[in-house]
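J.: Right, I'll just put the structure down here and ask away after.
Values in this text are rule-based calculations from the coordinates and carry no lab data. None of the values given here were measured: they were computed from a predicted structure. Reconstructed Cβ throughout: ideal geometry from the backbone, glycine too, with neighbour counts over all protein chains shown.
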Amino acid sequence: MSKAKSLLYGFAIGTIVTGATTLLSAPKSGKDVRQDIKDSAYKLKNSVSQMKRESITLKEKIMFVSKEGKDAFKQASADLKKDIDHWKEDVQPNMESIQENVKEIQDTLEESKATLAK
């Protein structure tokens, strides 16, 4: 049983028991007790209906927020991928240039090493 149903059942049973105990322990006439029971039942019915409406509203809000969060995450992922691709495009020419410079330095060191060895 879900937590919401358990809470609802607990609330309903607690209300009924409290109402019955209060009504039966109070010195009233049968007519007054019956009227109080009707009033308590009406209040309970209204409380349960209100809780049901509020839980439906809460469920709808949660579903909306969940969908919005999912959409936002997808958009953020797409934007991040696009930014990474742009960064790679910007860095690639520089990486090639740096690699060429490193290669030239290595060649120069090899030539210097060979010249010094003679």
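J.: How about K70: which lysines have a C-alpha closer than 23 Å to its C-alpha, ignoring those fewer than 8 places off in the same chain?
T.: K59, K61, K81, K82
J.: Something else about it: Please name whichever of G10, F73, L58 sits farthest to the positive end of the charge dipole of the range 3-83, dipole taken about the Cα centre and charges placed at Cβ: Lys and Arg +1, Asp and Glu -1.
T.: G10
J.: Nearest 500 deg cm²/dmol is fine: what mean residue ellipticity at 222 nm does the chain get from its DSSP H runs of n ≥ 4 alone, each adding -39,500 (n - 2.57), divided by its residue count? Numbers along the way, then the final one.
T.: Values: 2 runs with 111 residues, N = 118.
Result for the chain: -35500 deg cm²/dmol, rounded to the nearest 500.
J.: Let me ask you something else. Using the Cα centre as the reference, give the magnitude of the dipole from point charges on the C-beta atoms of the chain (Lys, Arg: +1; Asp, Glu: -1; all else neutral), rounded to the nearest 20 debye. The partial results should precede the final answer.
T.: On the way: 21 positive and 18 negative charges, 396 e Å.
Using Cβ point charges on Lys, Arg, Asp and Glu, the chain gives about 1900 debye.
J.: On a straight-distance basis, which lysines could pair with K88 in a cross-link, Cα separation under 19 angstrom, same-chain partners fewer than 8 positions away excluded?
T.: List returned: none.
J.: How far apart, in nm, are the 7 Å Cα→Cβ label points at V33 and S55?
T.: Once both label points are built, they end up 3.2 nm from each other.
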